[in-house]
Structure formats: structure tokens, C-alpha cells
Protein chains: 2
Amino acid sequence: MANTDDLTRYCEEHREDALAELDAWLRIPSISADSAYQADVRRAAEHAAARMRAIGMTRAEVLETKGHPVVYGEWLGAPGKPTALVYGHYDVQPVDPLELWTSPPFDPQVRDGMLFARGAVDDKGQVVMHWKAFEAHLKTRGALPVNLKFLIEGEEEIGSPNFDDFVARNRDLLACDVVVISDTPVFAEDVPSLTIAVRGLVGWEIHVDGPSGDQHSGLFGGAIENPIMALACILAKLKDETGHIAVPGFYDDVRELTPHERREISELPYDERAEARRMGVPQLHGEHGYHPLERMWWRPTLDCNGIWGGYQGEGSKTIIPAKAGCKLTARLVPNQDPARVTRLIKEYILAIAPPGVRVHVDSFESGPAIVTSRDHPATRAAARAMEKAFGKPPVTIGMGGSIGPVGTFDRVLHLPQVLIGVGLPDDQTHAPNEKFTLSQFYGGIKTMAYLWDELAAGDARGAGIPPV
Amino acid sequence: MANTDDLTRYCEEHREDALAELDAWLRIPSISADSAYQADVRRAAEHAAARMRAIGMTRAEVLETKGHPVVYGEWLGAPGKPTALVYGHYDVQPVDPLELWTSPPFDPQVRDGMLFARGAVDDKGQVVMHWKAFEAHLKTRGALPVNLKFLIEGEEEIGSPNFDDFVARNRDLLACDVVVISDTPVFAEDVPSLTIAVRGLVGWEIHVDGPSGDQHSGLFGGAIENPIMALACILAKLKDETGHIAVPGFYDDVRELTPHERREISELPYDERAEARRMGVPQLHGEHGYHPLERMWWRPTLDCNGIWGGYQGEGSKTIIPAKAGCKLTARLVPNQDPARVTRLIKEYILAIAPPGVRVHVDSFESGPAIVTSRDHPATRAAARAMEKAFGKPPVTIGMGGSIGPVGTFDRVLHLPQVLIGVGLPDDQTHAPNEKFTLSQFYGGIKTMAYLWDELAAGDARGAGIPPV
């Protein structure tokens, strides 16, 4: 391993600077969802570009999109070495309900070793970790061991509506060997973690048409199929009694975890009953025979997100409704092909549709699971960097949901990605009293500083990642 | 049988009078649902009271309710003889869409042996049949063989909101031995019919509660039960694959029809494929092994009238919703106790509720099926009257839906009822171009005239109905 005493020392001696750097940025209320803050959003972008120039990036500027701008920065002084693109975002969530904040959301305050402010960890704090790590290299060695590009988005909290388009129009500018994203939490404090898989998503709408108009449930009840009952029967047949999805072929490409991977999961500090309490359900529920974490990270799901049909008002209206419908989504795991799953579900639903109604299925929105092998050189480099900073090797975890920009980089640029965030599960992102635990912040700065050395050096099992 | 030549002759010689009588009443647009017609509704009531006095009732007046008034009339000149209460209504449905009417709805016109006007058959025409039958008795014989009371409602088309209350407050005024209602259709032209059963109704709302708030279907999909999927599984388990309701004990009190009753049904002119086409469904559907008419008249049903849960808007929202719910109603057949059915359904739903959610069931609205035995003296009298008027014995049919006033008379006054209407299924009640086929109108007048003789005389199997 490279000698990193110089980086360690710099990071430790400049903790106060790092906190001040973050404090200044957090004071700009860059709420992307609220047009009243439009000028602040732009001010936060310009502040970032100015700071990135100040710490030594050779280029840093605000670039326009159809919505809020992105900030682009670069330092490309390591020819022949890999290039990493650091993604983050400078926009923040709204702050309502304001009265639940202990201190004002845009007046950062440190209490009990935690920094409280909107955006503290999501994601300004984690971007600042990268700035300080960059600065550490430049100040101690005059150069970085890899080339770096920074792409700091301003619309992540509103679903990145212009990000696909921006990335597609700037392929050359963004060309790199690996994307590094620090916008995810670790599994728990004292459990450093790398996210190596993000589930994919496909969706459908099922439409069940019965009689041409609502019918009197007295006059005709017993003579015609009820579209709601027909839809319920379809939904009930999607899974068997063990929670296993009953669609033939659905699991064909799903990899079973190895005993080693299962043991890793079972060793994580996870309390099923506490989780059930937290979510307000009598007990957790899912596919029999799998740990809840495995079900959330490594098993596909099929969930109904909305259903409608007939009369929803007060009192009663005794009809057999003309139609019913629902929205259905599946979370996909690595190797599942969204197009194939879409077809399988559609065929199955039509095959089990009762004869007294007409059923059609529309499919929408589709993206595969995204996975970085734990054996990818960039993942191994990230693991070494994290172990060095936090004192123990990170566990690898999955992410049940999708992350918009991760999908973009995969879909548009086909790049390997490292998801290396250091937030904690109780950081209250998107809620009042968002905080960043300072030990995670400082550990994160070191992690990112070590990361570039590790990425440049490669390890005993092979070279670093191949350049483009 | 009594000699009825006098009545027959009177009815046939006064067809034009009957048509003119109906025409005058139909010209008053007594639309109860539209407050713009409030004065017309009252005018129609006063017209009725005046006409009832004119034809010889000893009392006829407009009585107030909290809504539109009712018209009450009586002729009680047959002491010691049974008393019948004739129910009808003088209010009519709205006429929209007006442009689909061939002739104006309140300007009655005869075309092809049919009288076209709003209210022609529903129900002014069928009330006028009773007026003319009453008049025939009084004019030919100077008296009636039974005592008659008339109760002509003004709010039937808006659900009779004040009828229960009116009847309960006027028990003495309305005291009688049998209620006669002419507000139902026969099965088909040339198939004279008596309705001898009306199904009952009970209802529930099922509420399924999952997590305390909507959860991210990516982050938590696989770990918690989805309330919509849980509700679908409950609904799917309410019936087996043959359409039989799977709730234990549900059919305990349901009487199977006799082979004779089944044969009667199978001999009715009923075209399943034509019915399916008419309602716009690929095929009829219901409990296996039963004729559709038996399913609609003599078998209980369980139908979902409305369902909701999660996101119902455009596009997708990837949630596991906090809750889902639905409205459920059962149509009951004779002998089923609404309270027992309510309890059975509730217990069954709670027993099959998945463990990962909380389920509760509210029950609402409850009324038993109402049945008049085909062997009841009043039913037998009605059958003889109808056979004499239409040339063939009536079939007995059921009515799948509820009829508000029928429920009132059963619930409040506990009276036997005769449902003896002569409309046709294609009369377009509630739709543009409502009509009354004149042969049915004229046959109906004779039927009602013969009815009082038959009711007074009784038949070979026993006396008439016992007086109160």
C-alpha cells in the first residue's frame, strides 16, 4: 500500500477548515423543489464552482441545463492514469415542517459531535469530503495520482429530470474510467459499508374491463364477472402462499447468494422486531426462507403500488363496476432482463385472466439492476481506502431502491460505479434535524483521500482499472 | 270464479278514457330529483288527489312529508272484507339527454301501439291502471268487493328518503291486509309474470392497514406485507374457483330450488349470449351449475363495489401503501339472516387476514330478502287475475335488486306484498324514449279489476287473505 501518512496528517490537521468549508455552503438554502429558492440554488452552484477553483481544480464552472445548473470541475494532471468522475449534488430537500427543527435548517450547529443542517449529509457534506480529500493531495504532494472530474448536480432531490439529457449531451466532457458516488449511508455506525448493488425496476398497469357501464349489483349480481374481484384474483395469483412470485420463469436468472454471502448478511446487526415496530407493522413479511435484508437487496419483488375501481366515496353504491385497475412494479436483481420480466408478467396475467372480463396490461418504465462486483478493481480499492480510514473492512450491502443518477451513468455511459457514502441510517435526510455525525465526516475525508492512491496503485490481484 | 263480464266490458269500452286520463297526468313534469320542478311535483300530487276524488274515492288528499308530498286515497265501503293498499309513485326520472327523445318527454305520443312519455310506465301509467280498475268496479257495480287504500309516493326516484318515516308515523292510516305494487316489469311480452322474491342486502367495508405511512417500495419491498396485495388475497379467497362463496356456513339457510322451479326458469326465453352482448361482457359469469336467472334471483352473491389503495394518478409512484380498503355487499336470498351473514363474513375475513397487516371490517346497511310465497292467497289471487287478463298463467320470477318501498312495508308494517307490474323489459324506464306498450296497459287495467274479485273470493284451496 502507498504511504499515506502525509494525507492522514493533512486531513486531521484541517478538520476545522473542513467544517468551515461545509458550514459556508450549508448556509445557502438551495431547495430545488421550491421556485422561491431558485436564486439560492444558483448561488449554491456558483459558490461550489468558486470553491473548486480555489482549492486548485484547473477548471470549474456552472453549466446550464433546462432546469437548475450543474457544476463541473476537473483536474487532469495525471496523464496515463485512470480518470474518476465524482458525482454529488448541491440541491437539498425542503425543510417543512420547520417547527420540528431544533436549530434553523440553514444555520448549521454542532451538538454532541453532530452537525445539524439541511444538506449536512445529503449531499453537501459528502461533496465537501471529496473537496478536502482533493485538497489534501494537492497541498501535500502538489498533484493527484489519478485524474479527477467532478459533476455536482442541482436537481437530485426533484428526480434529476434533466440529468439523462445533460449526460448524453456531454459524453466527451464526462469520459472517465469509473464513477464515484458518495450519497448512500453505511449499514450502521461502526459498520463501514460499500453498496455494490442497486435493484432495477419495471412496472405495469393492469386494466380489467367488465360491462360497458356500471351495472346494478342487485339486478345483475351473479350473472356477470366483477372486474374488482377478477383483478383481486389476478393479484392473488402473482405469489404463492410462501411469498414466492408464481410467474413461470420469473426467477430463472436470479442468482442465489453463496453461503458466505448469506453469512455476511446474517452477521449484520439487524433487529427484525425493532424494524417492524419502526414501520408500524405487526411483523415483517416476505418470501419464506430468506433474511429480510436478502429480500430487500438480492431478491426481486412484485408489489402493487395503487389500485382502483368502482365507488370510493362515503356510504354505499351497489354497483358491479365497469372497470378496475392497478399499478404494479417489480424490483429486479442482477441478471434479470427487464424486457423478459415484462413479457413474462404480461403473459402470465393474460393467461390467468378470468373469462368474464377483458384484461390488458400496459408496461412502463424499465431499468435493470445495477451491480458492481465486489471483485471489481475499483470496488477493491474503495474497500481498502475505507478500511484504512475506519479501522475495519467494509461489508458489502445492497440498496433496495433505485438511485436516479446511478441509472443514468449505467444506461447512458455504461460505466462501473463505486457507491461509497458514509452517512448513517439515522441521519434524518429529507426530514427535520438532518445531521452529519462528524466522526463519519472526518473518516469520509480520509477515505476519499486514500481512495485515489488505492485506485492508482491497484492491488496484489491485478492492476488498477484499465483507462478508457 | 266470479263473473267478470261487466268489468271486462267496462275496461274495453273505456280504453280511450284511460289513455286520456294518463295523458293528462304525464303532461305534468314531476321530476323529483330536480328542485326546478318542485312546483310541478306538487301539481302532479294535487292532480292525482283530484282525480282520485273524481272517480269516487271517499277520501283523497295530499299529505306532507319532509320532502315531496304523498297522495293518500281510500274507499272503505266493504266492511268485513280484506283491505288492500295499492302503492305507486307519481314522481319521474330526469329526462337528460333530451336530444335522444324522439318526441318531447312531457308531450305524450302514441306510435306503433306504444305510448311514449317520461313516466308512461314508471309509474304513472301503472297507477292509472289501478284508478281505471277501481272506476270499473264502482261504475258497473256501485261498490268494490274489498276495501282499498292508495298510497302514491313522490320520492321513489330519489330513493324514498322520507318513506320509512311517513309509513311509521301513519301505521293506523295504512293498516291493511296486503300491499299491491305495480312497479315491476314482466319477464317478457307474452310472459305474464309475478315477482315473488326480492333479494336482501348487507354490506361491509374492509380496511387493511400496513405500515404507519407509505413506504418506499424499493427500499422496503420484500420486507413488509403490501396492504393491497393482502386485500387482494382476502377478496380472492371469498369465492372458490367455481364461483361458490367460500365463507363457511354462508349457504346454510339457502334453499335449493325444486326441480319444478328449475324447469320453470329454464323454460323462460333467455338468451345468455344476447345478454352478454347487451352488457358488453365477453360472456356471462357466476356460480357454476346454476342458470343465470337462478343466480340473479335465488342465489346469494358477494360483490366488491369499490376498491382503493395507494397511488391512483398518472405515471408511477413506487410505494408500498400504508393502507387499502374496499366496499363489499352481499345480496341475500330468502331465509338468510342478515345479522348471521354479517358475522360469518367478518369472522372469515379476519381468519384469512395475512399476519403482516392489520385488518378490520365494518358492516353497514342490512335487510333480508323479501319473499311472497307463490302459495300465499294474495299471490294466487293475483295469478288468477293476470291469467284472466293476459290469457296465460303468469310465471313467478325473482328480482335481484332491492325495491325501497317493498323493504319499508316489510320492515315497518310486516305486510304480505304482491308485486304485479305489467311493464316490459324494453320500456326504457330511466332512459330517453320511455314507453308503455298499450296492450300491456289495457291488460293491466283488466288485471287490476279482476284482482279485487279474486282477492275477495279466495279460491278452492282456501279463503281469501285473513283480515287484520
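The values are calculated or read from the model by the stated rules, or taken from the named source; none is laboratory data. In this text, all values refer to a predicted model and were calculated from it rather than measured experimentally. Methodologically, a virtual Cβ is constructed for each residue, glycine included, from the backbone with ideal geometry; neighbour enumeration extends over all protein chains shown.
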Checklist line | Answer from A:404, A:398 - the residue that is among the small types (Gly, Ala, Ser), outside the structural domain of residue A:329 (by TED's automatic domain parsing) and either over 21 Å from the mean Cα position of the chain (by Cα) or at pLDDT below 90 (or both) | finding: A:404
Margin query: When you check residue B:213 against the structure, is it in the same structural domain as residue B:363 (by TED's automatic domain parsing), within 28 Å of residue B:362 (Cβ to Cβ), over 20 Å from the mean Cα position of the chain (by Cα) and surrounded by fewer than 16 Cβ atoms within 10 Å (Cβ to Cβ), yes or no?
Written below: yes
Next item on the list: Sort out which residues of region B:343-367 are within 14 Å of chain A (Cβ to nearest Cβ) and either closer than 24 Å to residue B:402 by Cβ or among the polar types (S, T, N, Q) (or both), and write them in order of number.
Entry: B:349, B:362, B:363, B:364, B:365, B:366, B:367
Notebook entry, point to check: What number of residues in region A:277-334 are under 23 Å from residue B:353 (Cβ atoms) and hydrophobic (A, V, I, L, M, F, W, C)?
Noted result: 10
Margin query: Between a residue in region B:53-68 that is farther than 17 Å from residue B:141 by Cα and any residue that is surrounded by fewer than 16 Cβ atoms within 10 Å (Cβ to Cβ) and among the small types (Gly, Ala, Ser), which pairs come within a Cβ distance under 8 Å, given they are 6 or more apart or on different chains?
Written below: B:60/B:50
Note to self: If I filter region A:282-317 down to residues being surrounded by fewer than 23 Cβ atoms within 10 Å (Cβ to Cβ) and polar (S, T, N, Q), which single residue comes out as farthest from residue B:303 (Cα to Cα)?
What the structure shows: A:283
Check: So how many residues does region A:226-276 have that are touching a residue at least 24 places away in the same chain (Cβ under 8 Å), farther than 19 Å from residue A:197 by Cα and basic (Lys, Arg)?
Finding: 2
Margin query: Against the condition within 18 Å of residue B:229 (Cα to Cα), touching a strand residue (DSSP E or B) at 6+ places or on another chain (Cβ under 7 Å) and within 10 Å of another protein chain (Cβ to nearest Cβ), how does residue A:317 come out, does it pass?
Written below: no
Next item on the list: Please enumerate the residues belonging to region B:1-24 that are assigned to a helix (DSSP H, G or I) and hydrophobic (A, V, I, L, M, F, W, C).
Entry: B:7, B:11, B:18, B:19, B:20, B:22, B:24
Check: What strands (runs of 3 or more DSSP E) completely inside region A:62-139 contain at least 3 residues that are not basic (Lys, Arg)?
Finding: A:70-75, A:83-89, A:114-116
Next item on the list: List the number of the failed condition for residue A:180; all other conditions in (1) more than 14 Å from every other protein chain (Cβ to nearest Cβ); (2) in contact with a strand residue (DSSP E or B) (Cβ under 8 Å, 6 or more places away or on another chain); (3) in a loop (DSSP other than H, G, I, E, B) hold.
Entry: (3)
Item checked: Test: residue in region B:25-35 that is in contact with a helix residue (DSSP H, G or I) (Cβ under 8 Å, 6 or more places away or on another chain) and in a helix (DSSP H, G or I) -> yes
Notebook entry, point to check: List, please: which pairs have Cβ atoms under 8 Å, are six or more places apart or on different chains, and start with a residue in region A:33-51 that is closer than 15 Å to residue A:74 by Cα and outside the structural domain of residue A:119 (by TED's automatic domain parsing) and end with one that is of a type in the set (S, T, N, Q) and buried (at least 16 other Cβ atoms within 10 Å of the Cβ)?
Noted result: none
